[in-house]
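Structure record follows, encoded as structure tokens.
The values are calculated or read from the model by the stated rules, or taken from the named source; none is laboratory data. Keep in mind that this is a model prediction, so the values were computed, not measured. Here Cβ is always computed from backbone atoms with ideal geometry, including for glycine, and neighbour counts include all displayed protein chains. Surface areas here come from the heavy atoms of the whole protein model, side chains and all, with no ligands, DNA or RNA. Shrake-Rupley method; radii C 1.70, N 1.55, O 1.52, S 1.80 Å.
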Amino acid sequence: MRPMRSSFGGGGFGFPSVQSTAAKLAIGLVAGSFVALLLRESVGLLLLLSPQAVFPGLMLWQPFTYGFVETNPMGIIFGAFALYSIGGGLEMSWGSRRMLWVVWGGTALAGILTVVLSLFFPLLRASLYTGGWVMGTIAWVAYGLSIGRGQTNFWGIPITGNVFAAIGVGFVVFNGLSAGWISQVPEVLALGITFVAVRGGSPRQLWLRLQHWRLQRQLRGRSRHLRVISRERPDDRYLN
């Protein structure tokens, strides 16, 4: 089922209840960012993603907590709003479990992959990442991809879901051009994860596709051993 085609920034988005999972993610982002800023010299630093702290520092919780931290006021406000509104649209369409796995689980996976890449790219090891907008990016792009060619509104402008998703990708591109691509590694990874999660299907669907591919390969292999029977009718004397 696709999410509701509502307007973003123009009212009438169909905001979810404050008890929804999307609302809890938004509240978690605001609360985590507050703690990180208030205790930035101590506990706050432990919430962010530092590849060298995760490995070999064994701060294994960081890929799961950095998504609830932003240190820029606009990032906090805009990220929380995106999670609450756009994430709420996904939750109403997908259900709480799938929305949580894609949005928060995708953010955690992007953090883990960033740590893995840091083993091969030393510049990543010295970086420090916040992930509030990683979650916001996943929600934004996933919403657009789910609608696809369907219609939605962006600040009163009618656009397709694919264009809406492209706007989310544009944010990552412009941030990379302005702040450097090293700072956008989790966001870039999140884009790939989102595309696979939305267009690739669930793990069960991926498994079924793999099984289908294996079956098709086996059938093609067997067909190579088959021979075409001549169209000429054989002599009936040899049939009995």
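Across the range 94-99, in residue order, what do the Karplus-derived ³J(HN,Hα) couplings come to in whole Hz, using 6.51 cos²θ - 1.76 cosθ + 1.60 with θ = phi - 60° and x for Gly and Pro?
Here the 3J(HN,Hα) series is 8, x, 5, 5, 5, 4 Hz.
Quick one: what are the phi-derived ³J(HN,Hα) couplings along the range 77-91, Karplus 6.51/-1.76/1.60 with θ = phi - 60°, whole Hz, x for glycine and proline?
Those phi angles translate into 5, 5, x, 5, 5, 5, 5, 6, 7, 5, x, x, x, 5, 5 Hz.
Largest first, what is the accessible-area ranking of Leu123, Leu46, Leu60, Leu90 with a 1.4 Å probe?
Ranked list, largest accessible area first: Leu123, Leu60, Leu46, Leu90.
In whole Å, what is the distance between the alpha-carbon centres of the range 38-67 and the range 76-133?
15 Å
Amide H neighbours of Ile159 under 5 Å, counting only residues 5+ apart in sequence or on other chains, H built in-plane at 1.01 Å?
Those lying under 5 Å, H to H, from Ile159 are Thr152, Asn153, Phe154.
Among the chymotrypsin sites (Phe, Trp or Tyr not before Pro) in the range 26-116, which ones are in a DSSP loop with at most 16 other Cβ atoms within 10 Å of the Cβ? Mind listing them?
Trp61
Which value, in Å² rounded to 10, gives the accessible area of Glu187 with a 1.4 Å probe and all protein chains present?
10 Å²
At 1.4 Å probe size, with the rest of the protein present, what percent of the exposed accessible area of the range 113-161 is carbon and sulfur atoms?
72 percent
Report the rotationally averaged projected area of the range 66-208 based on its alpha-carbon convex hull, in square nanometres. Please report the intermediate quantities before stating the final value.
Details: hull surface 36.5 nm².
Projected over every direction and averaged, the Cα hull of the range 66-208 covers 9.1 nm².
Heavy atoms only, 1.4 Å probe, whole protein assembly: order Ser96, Ser85 by accessible area, highest first. Write down the numbers at each step before the final one.
On the way: Ser96 50, Ser85 0 Å².
The residues order as Ser96, Ser85, largest area first.
How much accessible area does Ser20 have with a 1.4 Å probe, in Å² rounded to the nearest 10?
20 Å²
Put Ile77, Ile112 in order of accessible area, largest first, 1.4 Å probe: what do you get?
Ile77, Ile112
Sorted by packing (mean other beta-carbon atoms within 10 Å per residue), highest first, where do 154-161, 24-31 land?
Sorting 154-161, 24-31 by mean packing, highest first, produces 24-31, 154-161.
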